[in-house]
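Down below is the structure, laid out as structure tokens.
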Amino acid sequence: MTTTDGPLGHSRAAHAAHGWCSHCRDRSVAEELLAWRVRENSHTGCGEHDPDGPPEHDGNVPLVGEMRHGWCPTCQAASLAMATISAATTEGVTIIGGYAVCEGCGWSPYADTGGLP
């Protein structure tokens, strides 16, 4: 069952602001925190280049989500360490890729793709 602001048990505020929250599949608390910071910075004018303040970065910040474990098809164990990689820009947070490698045998689904998903 869902509400108009997202599934029950999820953050209504985050769903209203971002369309997702840290309880959604493949999202982390760190991603939600970063999305809130980007949103607040854009609303308050923070992050603008200030001639009297410290120099700012270009606004693009990579973020690796919380590690989770899954099933490795090679060694048949729950030892596949996975994380989502996001980029925070002035427009918000976007998933740009992922990381996965088996802690037991070293297999990675990205090995045959040159590191690209």
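The values are calculated or read from the model by the stated rules, or taken from the named source; none is laboratory data. Please read these numbers as outputs of a predicted model, since none were measured by experiment. Counting neighbours? That spans all protein chains shown, and the Cβs are built from the backbone with ideal geometry, glycine included.
When restricted to residues that are part of a helix (DSSP H, G or I) and either modelled with pLDDT under 70 or of a type in the set (S, T, Y) (or both), the range 32-90 contains 3.
Residues in the range 2-31 that are part of a loop (DSSP other than H, G, I, E, B) and at pLDDT below 80 were compared, and the one that is nearest to H69 (Cα to Cα) is D26. When the criteria are applied in full, T74 fails the requirement of being closer than 18 Å to C21 by Cα and out of contact with any Pro (no Cβ under 9 Å at 6 or more places or on another chain).
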